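The structure under discussion appears below in the form of structure tokens.
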Ligand code: NAD
Ligand code: MG
């Protein structure tokens, strides 16, 4: 069997590093063709030395020159490219069969879209792509014969719990509900008053998962679950009223599908992203991911709670934006990216993330039009509005 060529976008991040860990276990199956990282040149240098890709993509020309020189000294023929257009170019290469889309934020949309247009197998970690441009993205996948496989652990769980021939119709498959589980994040038991005091370090200390800083803050605010509701809507053609969120603090059940006859299918596993990454990489086969077996006897109880939308309004805002449709989810996402960046830089209180998102959704004119150009324009407008709002918080 000829190894499949893989491009790992966001290779230096949490998902990227876990992906390379799984890929390295299967050199006979996968050959790394391209890697990207934004500014983490040292980590990319180490990864390039280990995997000898044809291409590496960085943010700017200065980093590209620096890295190219260092790789040449090592005798590597890897070509270093820079900028967003280079990301679109590498995912479209004929040598690339599989694209891991693991850039964080709406910045990951153009390259994920290019992978769809090039008809590649896309392993999608970058949920923001579907939040911003879900309809266009799934249409591009369909039109160009691409394959879209979820990497987000909840969506991987749902994908695994659906019938194998699921064709995007809940009714026809006898499905009542898609049930997304949420850990509840580090502030699950905080009072509204306690939430006023939380710090960046508190927010980035997730109880069960080690992740990038943006998604860690999103998990703490439950915006991550909101983005995942929108992601599930597009991945599985599920209307918002058939998507439930259940808080399950142990993160053992990664999500569930409830059928008409009362059956509930769930996927369980340790909270280790290498499981959903390996599942997407090899589907429908199963490969070693370096993840141990679940130990049921040391696990203790599994518990379930309702999410509290008063303390965590971001989840409700995400549901509202999905019901509004059009460019509302793109506005939600843009405002959230601005607010989370401000929080991480110490310029905004944690509780004001939701306030900025809510004000932006109310302050920017929403429209049903969803061409890519219109969505990107609206993303820019929402970011400008949110930056002003952060300034006045
Ligand atoms: P991270 O912050 O650890 O890594 C982000 C990667 O994106 C890095 O390689 C960085 O260099 C690159 N990047 C950042 N800004 C960029 C830009 N403007 N242009 C190009 N590249 C850029 O993030 P992560 O935790 O690995 O998350 C990546 C994506 O996967 C996010 O969309 C996140 O929601 C999703 N996801 C992550 C996890 C997890 O466990 N970490 C789980 C599910 C989904
Ligand atoms: Mg998730």
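Which is modelled with pLDDT of 95 or more, under 20 Å from residue 316 (Cα atoms), in contact with a helix residue (DSSP H, G or I) (Cβ under 8 Å, 6 or more places away or on another chain) and within 16 Å of ligand 1 (Cβ to nearest atom), of 229, 200?
One residue alone meets the criteria, 229.
Of the residues 61, 106, 77, 112, only one is assigned by TED's automatic domain parsing to the domain that holds residue 141, within 11 Å of ligand 1 (Cβ to nearest atom) and surrounded by fewer than 24 Cβ atoms within 10 Å (Cβ to Cβ); which?
Sole residue among the options that is assigned by TED's automatic domain parsing to the domain that holds residue 141, within 11 Å of ligand 1 (Cβ to nearest atom) and surrounded by fewer than 24 Cβ atoms within 10 Å (Cβ to Cβ): 106.
Only one residue in 268, 302 is in contact with a strand residue (DSSP E or B) (Cβ under 6 Å, 6 or more places away or on another chain) and not assigned by TED's automatic domain parsing to the domain that holds residue 125, so which one is that?
Matching residue, one of 268, 302: 268.
Among the residues of the stretch 1-11, is any within 10 Å of ligand 1 (Cβ to nearest atom), surrounded by fewer than 24 Cβ atoms within 10 Å (Cβ to Cβ) and within 22 Å of residue 64 (Cα to Cα)?
No.
Given the conditions (1) away from ligand 2 (no atom under 16 Å from the Cβ); (2) closer than 20 Å to residue 19 by Cα; (3) within 21 Å of the chain's Cα centre (by Cα), which single one is not true for residue 95?
Here residue 95 clears every test but (3).
Which of the residues spanning the stretch 150-167 are surrounded by 13 or more Cβ atoms within 10 Å (Cβ to Cβ) and in a loop (DSSP other than H, G, I, E, B)?
Selection gives 151, 152, 162, 163, 166.
Looking at the stretch 266-311, which of its residues are more than 23 Å from the chain's Cα centre (by Cα) and outside any loop (DSSP other than H, G, I, E, B)?
Within the stretch 266-311, 296, 297, 298, 299, 305 qualify.
Taking residue 143 as the residue in question, decide whether it is free of Cβ contacts under 8 Å to residues at least 60 places away in the same chain and under 23 Å from residue 279 (Cα atoms).
no
Within the stretch 243-258, track down each residue that is buried (at least 18 other Cβ atoms within 10 Å of the Cβ) and in a strand (DSSP E or B).
Answer for the stretch 243-258, where residues must be buried (at least 18 other Cβ atoms within 10 Å of the Cβ) and in a strand (DSSP E or B): 243, 245, 247, 253, 254, 255, 256, 257, 258.
Against the condition assigned to a loop (DSSP other than H, G, I, E, B), within 13 Å of ligand 1 (Cβ to nearest atom), out of contact with any helix residue (DSSP H, G or I) (no Cβ under 7 Å at 6 or more places or on another chain) and at pLDDT 95 or above, how does residue 261 come out, does it pass?
Taking the combined requirement at face value, the residue does not satisfy it.
On the given criteria, is residue 185 outside any helix (DSSP H, G or I) and under 24 Å from residue 304 (Cβ atoms)?
Criteria met by residue 185.
Could you check how many residues of the stretch 232-252 are away from ligand 1 (no atom under 14 Å from the Cβ) and in contact with a strand residue (DSSP E or B) (Cβ under 8 Å, 6 or more places away or on another chain)?
Qualifying residue count for the region: 12.
Of the numbered conditions (1) at pLDDT 95 or above; (2) in a loop (DSSP other than H, G, I, E, B), residue 211 fails exactly one; give the number of that condition.
Condition not satisfied by residue 211: (1).
When you look at residue 255, is it touching a strand residue (DSSP E or B) at 6+ places or on another chain (Cβ under 7 Å) and within 22 Å of residue 278 (Cα to Cα), yes or no?
The answer is yes for residue 255.
Just to be sure before I move on: is residue 129 free of Cβ contacts under 8 Å to residues at least 40 places away in the same chain, within 16 Å of ligand 1 (Cβ to nearest atom), in a helix (DSSP H, G or I) and buried (at least 23 other Cβ atoms within 10 Å of the Cβ) in the structure I sent?
Yes; evaluated as a whole, the condition is true for this residue.
Conditions (1) within 15 Å of ligand 2 (Cβ to nearest atom); (2) closer than 26 Å to residue 239 by Cα; (3) not assigned by TED's automatic domain parsing to the domain that holds residue 343, marked per residue:
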position: 116; (1), (2), (3): no, yes, yes
position: 142; (1), (2), (3): no, yes, yes
position: 155; (1), (2), (3): yes, yes, yes
position: 172; (1), (2), (3): no, yes, yes
position: 187; (1), (2), (3): no, no, yes
position: 192; (1), (2), (3): no, no, yes
position: 195; (1), (2), (3): no, no, yes
position: 207; (1), (2), (3): yes, no, yes
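Among the residues of the stretch 346-371, what is the count of those that are in contact (Cβ under 8 Å) with a residue 40 or more places away in the chain, in contact with a helix residue (DSSP H, G or I) (Cβ under 7 Å, 6 or more places away or on another chain), surrounded by 15 or more Cβ atoms within 10 Å (Cβ to Cβ) and in a loop (DSSP other than H, G, I, E, B)?
Residues that pass the stated criteria total 5.
Between 101, 157, which is touching a residue at least 12 places away in the same chain (Cβ under 8 Å) and within 10 Å of the chain's Cα centre (by Cα)?
After ruling out the rest, the residue left standing is 101.
The values are calculated or read from the model by the stated rules, or taken from the named source; none is laboratory data. All values reported here derive from a predicted model rather than from experimental measurement. So basically every Cβ, Gly included, is an ideal-geometry build from the backbone, and we count neighbours across all protein chains shown.
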